Each structure stands twice: as C-alpha cells, then as structure tokens.
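The values are calculated or read from the model by the stated rules, or taken from the named source; none is laboratory data. This is a predicted model, so every value here is computed, not measured. Cβ: placed from backbone, ideal geometry, glycine included. Neighbour counts: every protein chain shown. Just so you know, the surface numbers come from the protein's heavy atoms only, side chains and all, with ligands and any DNA or RNA stripped out. Shrake-Rupley method; radii C 1.70, N 1.55, O 1.52, S 1.80 Å.
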Amino acid sequence: MEALALVEKIATGEETKSHLLKVLDAFQNLDYHALNDLLDDDAYYEDLKKTSFIYRQKEIFSKFEKIGDTNLNISTNICTGCLCSEPVFVFSGNTSGHKYAIYVEFTQDEITDIYKCFEQSNWFDTDMPF
C-alpha cells in the first residue's frame, strides 16, 4: 500500500489527513523542530512526555544524518509483531537504506500516540522496545 493510501485509510477527516501528512513530512525531512510544533504538548508518545519523545527523535534523526542520509523515503508495511497485522509507516534512509518504522494511533480522529515498530525497523538494534 502506498503511504498516501494508508493516510486515506486511517485518517478519516480532512484536517486529520492534513495534520498526519505534515507529521510524516517532518519524519521524512529529519526535522524534529517541525515535529515538535505539530505534536500535542500535553500528549505522551511512546509513554514519554512530548519533550522526551522529540529528544529521542532528534537522536534517531542524528544517527541517520551521521551515516549520510539527508532525508527518508516513505513506504508502508504490516507489523508482524506486537501490533499483529496493523499498518505502519516505514522510513528508509535515502543513502543508507536503513529502516525506521512507526505506528500512528488515533482516537476520535486525533493522533494520540506514535511509536516505533521494532519488527519493521532494521536499525537501531540497541534501542530497547517500549
């Protein structure tokens, strides 16, 4: 499934689709500042306060940049682990090809969580599951 088709499937409202596309764009551009601006200040992501989650993304983005990636390509896949067949967004380094997958959770058409899919990620093996 193409990333835009997945966005259409999981985000029902036009405002939510637009917001999700901006969040995905921030991941693709390794832009933790944009991600910080887009996410809810009071929410928890990966069971972390937003500031801690953003710091973790900054570290991950820096790892990509250190090996020569300037942006991430986006695709989709199905989680074969803890989410049991749920769709995930898969970001691949434009130079390295390393993969970092995320699951975006919605409640009443609002993004309520974002977390790493370890099954579809093939890098950062030293990171512990959440």
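Quick notes on this one:
- For segment 1-94, a simple Cβ point-charge model (Lys and Arg +1, Asp and Glu -1, everything else neutral) yields a dipole of about 300 debye relative to the Cα centre.
- Volume per residue of the C-alpha convex hull in segment 1-42, rounded to whole Å³: 74 Å³
- Each label point was placed 7 Å from the Cα along the Cα-to-Cβ direction; for THR51 and GLU119 their separation is 3.5 nm.
- THR80 accessible area, 1.4 Å probe, all protein chains in place, Å² to nearest 10: 100 Å²
- Computed accessible area, LEU24, all protein chains, 1.4 angstrom probe, square angstrom: 10 Å²
- Eligible aspartates and glutamates near LYS9 by straight Cα distance, threshold 16 Å, same-chain separation 8 or greater: GLU86, GLU105, ASP109, GLU110
- Across segment 59-64, computed HN-Hα scalar couplings (Karplus, 6.51 cos²θ - 1.76 cosθ + 1.60, θ = phi - 60°) run 4, 5, 4, 4, 4, 4 Hz from first to last residue, x flagging Gly and Pro.
- 5 angstrom amide H check on THR112, placed H, neighbours 5+ away: GLU105, PHE106, THR107
- Each Cα pair under 8 Å and six or more residues apart adds its separation to the average, and for the chain the resulting relative contact order is 22 percent.
- Over 24 Å [Cα-Cα, the chain], rounded percent: 21 percent
- With each label modelled as a point 7 angstrom along the Cα→C-beta vector, the ASN29-TYR44 pair spans 3.1 nm.
- In the chain, a dipole from Cβ-located charges (positive for Lys and Arg, negative for Asp and Glu) runs towards its positive end, and of PHE64, THR12, TYR100 it is PHE64 whose Cα lies farthest in that direction.
- Computed over protein heavy atoms with a 1.4 Å probe, the accessible surface of the chain works out to 55 Å² per residue.
- Of the three principal axes defined by the Cα atoms of segment 38-78, the extents in descending order read 33, 26, 17 Å.
- Pairs beyond 21 Å (Cα-Cα), from LYS63/LYS116; LYS50/LYS116; LYS17/LYS58: LYS17/LYS58
- A Cβ-based charge dipole, computed about the Cα centre of segment 1-52 with Lys and Arg at +1 and Asp and Glu at -1, lands at about 100 debye.
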